[in-house]
Amino acid sequence: MSWQTITLIVPDELKDAVVGEFSNDGIAGVWERAAGGAGCEMVLYFGPASRARLVDARIGRLFQRNGYPVPAVHVGTQRKEDWSAGWRKGFTSFPLGRRFRVVPSWEDPPDGDDRVPLRIDPGLAFGTGTHETTRLVIEEMEVLDDRGTVAGAVLDLGAGSAILSIAAVRLGWTGVIACDIDPDAVAVARANLRRNGCAVPVYVGSADALARAGAAVVMANLTAEAIRGLLPELRRVVQPGGTVLVSGILNAQADAVRGEVAGGGFEVRRERALGEWVVMAAERASAGGLST
């Protein structure tokens, strides 16, 4: 199987806007690298059922709206195997949150480093910890942990590389379960969990596969559209007083998402932004363990 790819040079100020523009169009992930002081070269990856062919004109309009000239856009394809090999060339260890360091399998943590290693290989899944949305969720997980013991099951919804599941285990949280609707992502998640010695069950599917409520925490680093659609299931699986961490929300979408989260039976307790992205920590406001 191959990805459809869109490659262009993007000013740093527009990176988040480009990703947000196509967050509901089947975008599977983003790769970027420095482009000699002219922003970054960005590659957008789309699945075969996406509307990638419509991206060219929309990118032009996005740049023009923000006062930038229309960029050259290159449309192509890339085999998943080649994409994975490319990631290895540019992926190196880095700090994440206050406590963690992401370390690929082909590297060792720096000497004397006191951060907790999260050994992550991206494989065919996205979610290496470099994106603002992942960083925001990790930071909110640390806040929850600082406030006391997480009592109950933990669901990593849309696990991708399983980086959030691994971080949850390293924080000492128990009863962690992960899921993703993409079988390739589930395979990568399982490999990363084994790599980190984390006994976390992972299944192909979403929150609707869970039989009853009981989650103390749900991490949902998805998109605004996906979060809206999942709110009834989130309310069903989160225990009274439990917390859902929702990210993948652009600043421009925050007001609408906040209102729908509140209308879906949750109260937003905390909210923070990084770049163009927002995470919300919402508590289930009113009143059954977690099983599949």
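All of the numbers you see were taken from the coordinates with simple rules; none came from a lab. These numbers come from a predicted model, not from an experiment. Every residue, glycine as well, gets a Cβ built from its backbone with ideal geometry; the counts of neighbours run over all protein chains shown.
Here are a few things to note about the model shown:
- Distance between modelled label sites at Arg269 and Arg212, nm, 7 Å Cα→Cβ extension: 2.4
- Sorted by Cβ density within 10 Å, fewest first, the residues Phe266, Phe91: Phe91, Phe266
- Computed lengthening from Asp12 to Ala72, 0.36 nm per intervening residue step minus Cα-Cα distance: 20.0 nm
- Shape category assigned to region 129-284 from the gyration tensor of Cα positions, a/c cut at 1.5: rounded
- Calculated FRET value between Ala285 and Ile181, using beta carbons and R₀ = 22 Å, to 0.05: 0.20
- Each label point was placed 7 Å from the Cα along the Cα-to-Cβ direction; for Arg190 and Glu139 their separation is 3.5 nm.
- Computed from the C-beta positions of Asn251 and Arg65 and an R0 of 25 Å, the FRET efficiency is 0.95 to the nearest 0.05.
- Protection proxy ranking of 67-76, 179-188 - average other beta-carbon atoms within 10 Å, highest first: 179-188, 67-76
- Cβ-Cβ FRET estimate between Val116 and Arg58, R0 fixed at 35 Å, reported to 0.05: 0.30
- Backbone phi angles across region 258-271, fed through the Karplus curve with coefficients 6.51, -1.76 and 1.60 (θ = phi - 60°), yield HN-Hα couplings of 4, x, 6, 4, 5, x, x, x, 10, 10, 6, 8, 9, 8 Hz in residue order; Gly and Pro are listed as x.
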